[in-house]
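Visitor: Got a structure for you, questions after.
The values are calculated or read from the model by the stated rules, or taken from the named source; none is laboratory data. Please read these numbers as outputs of a predicted model, since none were measured by experiment. Here Cβ is always computed from backbone atoms with ideal geometry, including for glycine, and neighbour counts include all displayed protein chains. Note: accessible area is taken over every heavy atom of the protein model, side chains too, but ligands, DNA and RNA are not part of it. Shrake-Rupley method; radii C 1.70, N 1.55, O 1.52, S 1.80 Å.
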Amino acid sequence: MSSGVRSPSARLLRRWETDEPQELSALTAEPENRNWRVVTPGGRFLLTRLVSATRRQALFRIQVTAALAAAGLPVPAPIPTRDGRPLVETAHGRYALYSWIDGRHREGVDLGIGECLELGRVLGRLHSELDRLTPPVQQSLLVPATRACDAIAVADRLLAVRSDDGEGHGEPAGRRLAGRRELLLELADHEPPAVETVTAGYVHGGLHSGNLLYGRFTGGVVAITGWSGPHIAPFAGELVGAAVALFGYGDERGLDLERVEAFVRGHAAVFRLDAGQVQSAVHRMWWERLCDVEALDPRVPGRERYGDRAAALVEWWTAHLDRTLDVFEAAYAPGAGDPDAEAAAETA
């Protein structure tokens, strides 16, 4: 945990109906909150300090997650305080207490096809309930796209800096940057429309393996975590982003398209989107990854390994763009959502 973060006291924990803590241990600090594991004679809990959220944002987040939990989704709901409040506010921050959920993380590429289908259904239910529970959203969200000329300009700047530093285009980072610049020039005519109208609503915003807990014995999802704040975005964009995050290998193998198709099919069976918008979201995400030239700059701390992974995915995705578009569309083909087809996938 970063230095300077004040640890909560036993006095704070008395605001809830819990026993005196036997253990209070800090967990890894996340950008949007700080977490502590609390062990008492009566059970284990997770204490979260909401760092960057305003009071209004924190209350909205808690209200949404509590409503999702009440609807039967695997979303942690806060434990009310002794006086029935979902949130404790002190001079040092805002705190919420949750029951400790015992689970494990699993990589998406390790899931069976039936499990991928079920995970897609979970996201579909999440989108459906978020759409029902949150305030109405204007259904004409405008999504701009990065221009090829701007990405090429960034590549030129980074290449010039490397030359000034005595680094040539022959070393790995230089070759990646030069290669990406050539790809952008070659594929400039694939740039998505500057503005596009899409169906939008409140979304989770970070559905990846690190924010999913699976039962140690049951195997299914027992908790969706990482609620740094529901926000408005295209539903299709979250679906595609989740599929890429969950089912990417992180190397030259790119995406596991069989698992991607099952995941998208499960989502479509519960929360059906327009197939054209889903394909457009795939195209747009590929394009934005292609234009993210700064991800290849190794001078940024931690970017060297990320740059390798990002470059590998972009190269694979560019070579398999048409196939990827077809796989996402397949979930919306006639008969794709039929119960017999789903049952066959679950037993595969």
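Visitor: On the basis of being open to solvent by 50 Å² or more (accessible area, probe 1.4 Å), in contact (Cβ under 8 Å) with a residue 12 or more places away in the chain and closer than 18 Å to Arg176 by Cβ, does Glu258 make the cut?
Guide: Details: open to solvent by 50 Å² or more (accessible area, probe 1.4 Å): yes; in contact (Cβ under 8 Å) with a residue 12 or more places away in the chain: yes; closer than 18 Å to Arg176 by Cβ: no.
Taking the combined requirement at face value, the residue does not satisfy it.
Visitor: Would you mind telling me which numbered condition in (1) in a loop (DSSP other than H, G, I, E, B); (2) touching a residue at least 12 places away in the same chain (Cβ under 8 Å) Pro136 fails?
Guide: The failed condition is (2).
Visitor: Sort through Ala153, Ala77, Ala96 and tell me the only one that's at pLDDT 95 or above and more than 25 Å from Asp256 (Cα to Cα).
Guide: Working: Ala77 fails: at pLDDT 95 or above; Ala96 fails: at pLDDT 95 or above.
The match here is Ala153.
Visitor: Let me ask another. From the list Leu255, Leu296, pick out the single residue that is under 19 Å from the mean Cα position of the chain (by Cα) and not acidic (Asp, Glu). If you could, list the steps in order and put the result at the bottom.
Guide: On the way: Leu296 fails: under 19 Å from the mean Cα position of the chain (by Cα).
Answer to the check: Leu255.
Visitor: Out of everything in segment 77-108 that is open to solvent by less than 30 Å² (accessible area, probe 1.4 Å) and under 16 Å from Asn211 (Cβ atoms), what residue ends up being nearest to the chain's Cα centre (by Cα)?
Guide: Among those residues, the one meeting the criterion is Gly108.
Visitor: Search segment 37-49 for residues that are farther than 23 Å from Arg61 by Cα and pair each with any residue that is open to solvent by less than 50 Å² (accessible area, probe 1.4 Å) when their beta-carbon atoms are under 7 Å apart and the residues are at least 6 apart or on different chains.
Guide: Val39/Pro21; Thr40/Thr18; Thr40/Pro21; Gly42/Thr18
Visitor: Please go through segment 8-29 and pick out each residue that is assigned to a loop (DSSP other than H, G, I, E, B), in contact (Cβ under 8 Å) with a residue 40 or more places away in the chain and in contact with a Leu (Cβ under 9 Å, 6 or more places away or on another chain).
Guide: Of everything in segment 8-29, those that are assigned to a loop (DSSP other than H, G, I, E, B), in contact (Cβ under 8 Å) with a residue 40 or more places away in the chain and in contact with a Leu (Cβ under 9 Å, 6 or more places away or on another chain) turn out to be Pro8, Arg15, Trp16, Thr18.
Visitor: Among the residues of segment 161-172, is any assigned to a helix (DSSP H, G or I) and aliphatic (A, V, I, L, M)? Walk me through it before giving the result.
Guide: Within segment 161-172, the first condition is being assigned to a helix (DSSP H, G or I), and the residues that meet it are 161-164, 172.
With aliphatic (A, V, I, L, M) added as a condition, the list becomes 161.
So far as segment 161-172 goes, yes, one or more of its residues are assigned to a helix (DSSP H, G or I) and aliphatic (A, V, I, L, M).
Visitor: Residue by residue through segment 5-23, note down the ones that are within 23 Å of Asp83 (Cα to Cα) and either modelled with pLDDT of 80 or more or in contact with a Cys (Cβ under 9 Å, 6 or more places away or on another chain) (or both).
Guide: Listed by number, the residues that qualify are Arg11, Leu12, Leu13, Arg14, Arg15, Trp16, Glu17, Thr18, Asp19, Glu20, Pro21.
Visitor: Moving to a separate point now. When only residues in segment 60-103 that are in a strand (DSSP E or B) and small (Gly, Ala, Ser) count, which is nearest to Pro21 (Cα to Cα)? Talk me through it step by step, then tell me what you get.
Guide: First, pick out the residues of segment 60-103 that are in a strand (DSSP E or B): 88-90, 93-99.
From what's left, small (Gly, Ala, Ser): 93, 96, 99.
Working: Gly93: 20, Ala96: 16, Ser99: 14 Å.
Of everything passing the filter in segment 60-103, Ser99 is nearest to Pro21 (Cα to Cα).
Visitor: In segment 212-229, which residues are open to solvent by 20 Å² or more (accessible area, probe 1.4 Å) and either of a type in the set (Asp, Glu) or at negative phi (or both)?
Guide: Leu213, Arg216, Phe217, Thr218, Gly220, Val221, Val222, Thr225, Trp227, Ser228
Visitor: Under 9 Å between Cβ atoms, which residue pairs at least 6 apart in sequence (or on different chains) link something in segment 221-240 that is closer than 18 Å to Leu117 by Cα and touching a residue at least 12 places away in the same chain (Cβ under 8 Å) with a partner that is assigned to a loop (DSSP other than H, G, I, E, B) and of a type in the set (Val, Ile, Thr)?
Guide: Cβ pairs passing all conditions: Val222/Ile101; Ala223/Val75; Ala223/Ile101; Ile224/Val75; Phe235/Thr199; Ala236/Thr199.
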